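Right, one structure below, let's go through it.
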Amino acid sequence: MIIKCQKCILRKWKPSDLQNLIKHANNPRIASNMRDGFPYPYTIEKGKEWLEFNNNQYNQNSPQNFAITLDDTAIGGIGLMVGEDIERISAETGYWLGEEYWGRGIISSALRCILDYGFNTLNLERIFAKPLENNMASRKVLEKNGFVLEGILRKSAIKSGNICNQALYAKIRE
Ligand SMILES: CC(C)(COP(=O)(O)OP(=O)(O)OC[C@H]1O[C@@H](n2cnc3c(N)ncnc32)[C@H](O)[C@@H]1OP(=O)(O)O)[C@@H](O)C(=O)NCCC(=O)NCCS
């Protein structure tokens with residue numbers, strides 16, 4: 001499955017992405033804003049685990065995690081984590097981009113496509129994100145793409161030993 005965006009292409013992760021995944025993901029400036037499941041250092045074992053996890057997911061469901069690619073080279077990732085039970089109409093989005101590609105609007109372009117995919121293919125009603133409160137780049141990306149700040153989740157996360165607030169942003173189906 002391929003989603004053509006204005007500035008990049010989203011496609012399924014594949015085993016041959018390993019080298020580029022490690023190259024771009026192994027960055028403390030990225031890991032410090034992600035969940036601990038996205039570690040620094042980002043090891044080869046971690047990369048293999050991620051690619052294998054997605055390979056298994058792809059066999060079962062509609063894909064929910066995509067590689068962000070330029071010329072078929074993986075330079076980042078974006079996905080949706082769909083809720084369960086009564087929250088199955090909501091999904092949390094998460095994304096990251098290799099640092100050398102920051103500042104080009106690539107993530108906004110990918111996010112617009114994921115919103116379209118989430119609302120129109122997965123039939124979701126709500127897509128939300130919870131950046132750490134001080135992650136201004138991610139907050140700006142969400143605001144630029146029509147997400148509304150619903151509140152600050154006080155002391156909701158612990159990152160690198162520090163207790164942090166998260167900013168809850170959401171966009172609902174128009
Ligand atoms: C979040 C991330 C994908 C954004 O990528 P990007 O290419 O920098 O995004 P864009 O350039 O489209 O937009 C970022 C915006 O934030 C602004 N910005 C960046 N750092 C900022 C800061 N410290 N304070 C205020 N604004 C900031 C940029 O100027 C830009 O605004 P503009 O479009 O008005 O110029 C990238 O920074 C990243 O991978 N970060 C690490 C992982 C992460 O945080 N993931 C999200 C977890 S919720």
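Inspection of segment 139-148 finds a residue satisfying the criterion of being part of a helix (DSSP H, G or I), under 24 Å from residue 36 (Cα atoms) and of a type in the set (Lys, Arg). Considering segment 110-138 alone, what residues qualify as being part of a helix (DSSP H, G or I), within 8 Å of the ligand (Cβ to nearest atom) and surrounded by 17 or more Cβ atoms within 10 Å (Cβ to Cβ)? 138, the sole residue that qualifies.
Enumerate the pairs (first residue in segment 155-170 and within 13 Å of residue 130 (Cβ to Cβ); second residue anywhere and assigned to a strand (DSSP E or B) and hydroxyl-bearing (Ser, Thr, Tyr)) with beta-carbon separation below 7 Å, excluding pairs fewer than 6 apart on the same chain, so at least 6 apart or on different chains. Close Cβ pairs (under 7 Å, with a partner that is assigned to a strand (DSSP E or B) and hydroxyl-bearing (Ser, Thr, Tyr)) amount to 165/156; 166/156. Taking the listed residues 104, 112, 88, 35, the one that is in contact (Cβ under 8 Å) with a residue 40 or more places away in the chain, under 29 Å from residue 154 (Cβ atoms) and basic (Lys, Arg) is 35, with no other qualifying. If you go through segment 82-96 one residue at a time, how many are in a strand (DSSP E or B) and more than 9 Å from the chain's Cα centre (by Cα)? The qualifying residues number 3. Figure legend. Inter-residue proximity from segment 127-144: first residues closer than 15 Å to residue 30 by Cβ, second residues within 6 Å of the ligand (Cβ to nearest atom) and in a helix (DSSP H, G or I), beta-carbon distance below 9 Å, spacing 6+ or different chains. Indicated pairs: 131/137; 131/138; 131/141; 132/138; 137/107; 138/107; 141/107; 141/108.
Just wondering, is there one or more residues in segment 84-93 that are more than 15 Å from the ligand (Cβ to nearest atom), surrounded by fewer than 19 Cβ atoms within 10 Å (Cβ to Cβ) and of a type outside the set (D, E, K, R)? Yes.
Coordinate-derived values only; no laboratory data. Only a predicted model underlies this, so the values are computations on that prediction, with no experimental measurement involved. In this analysis, Cβ positions are derived from the backbone assuming ideal geometry, glycine residues included, and neighbour counts consider all displayed protein chains.
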